[in-house]
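For reference, the structure discussed in these notes is given below.
The values are calculated or read from the model by the stated rules, or taken from the named source; none is laboratory data. All figures in this text were calculated on a predicted structure; none of them were measured in a lab. Reconstructed Cβ throughout: ideal geometry from the backbone, glycine too, with neighbour counts over all protein chains shown.
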Amino acid sequence: MSQASDVPCPKTSNATFVRRARKLEFYTLAWNLVEAAVAIGSGAVADSAALIAFGIDSLIESSSSVVLLWRLHDGDRGDARERRALRLVGLSFLALAAYVALDATQALIAKTPPDVSLTGIVLATLSLIVMPLLSARKRRLAAVLRSGALHADSRQSNLCAILSGILLGGLSLNAVCGWWWADPVAGLMMTPIIFKEGIEALRGEVCSDCQP
């Protein structure tokens, strides 16, 4: 069976892998912007703090794609931007952790159950499918390009998938069982993991495991 298309071969130049990485970031940026619009819109209609938080999370994650597009611009010249890009990705992790913690705490204090949102359930399900695929491709390209920033961004895409699972669980439990508190509690459980990813990116520790 043939190897994955992202595995390097003698006839494939580094510039080719850079172009592939840039395409992935454009796909991620487009998906996150659409995801944010749908989540915030449907969250406002359903009065769902979880959906609105997920939408704003998608906007925050869009900044990671913008950072990576900046890092990958002009091919090899982008290598000089690697360290700064990695730090900016780390800051986006920390911003995401702070927002999730604040929103989950406010939801628990308010004790306001959201309305059932079928749109939100469909969106979370689609994100569970799309984001792991993007994360895997980015991780393979990060190994080829030895890019800690791209590897950190692959982790952020993976975290988006995990948060999608949390959102799906919270919306489903609210719809089926009326357990309004399930989503904010799960969000609080995720906060330390997201924070840890941000600290590792800021310290430049991500590339130690940049393997396909």
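Restricting attention to region 132-158, the residues that are in a helix (DSSP H, G or I), of a type outside the set (V, I, T) and touching a residue at least 40 places away in the same chain (Cβ under 8 Å) total 18.
Residues in region 20-61 that are in a helix (DSSP H, G or I), of a type in the set (G, A, S) and within 18 Å of A104 (Cβ to Cβ): 8 in all. Looking at region 123-142, is at least one residue farther than 25 Å from V66 by Cβ, surrounded by fewer than 18 Cβ atoms within 10 Å (Cβ to Cβ) and either out of contact with any Gly (no Cβ under 9 Å at 6 or more places or on another chain) or not hydroxyl-bearing (S, T, Y) (or both)? Yes, because at least one residue in region 123-142 is farther than 25 Å from V66 by Cβ, surrounded by fewer than 18 Cβ atoms within 10 Å (Cβ to Cβ) and either out of contact with any Gly (no Cβ under 9 Å at 6 or more places or on another chain) or not hydroxyl-bearing (S, T, Y) (or both).
Go through the residues of region 189-201 one by one and say whether even a single one is in contact (Cβ under 8 Å) with a residue 60 or more places away in the chain, in a helix (DSSP H, G or I) and of a type in the set (F, W, Y). Yes, the conditions are met somewhere in region 189-201. Looking at G75, is it modelled with pLDDT of 80 or more, surrounded by 13 or more Cβ atoms within 10 Å (Cβ to Cβ) and out of contact with any His (no Cβ under 7 Å at 6 or more places or on another chain)? No; evaluated as a whole, the condition is false for this residue.
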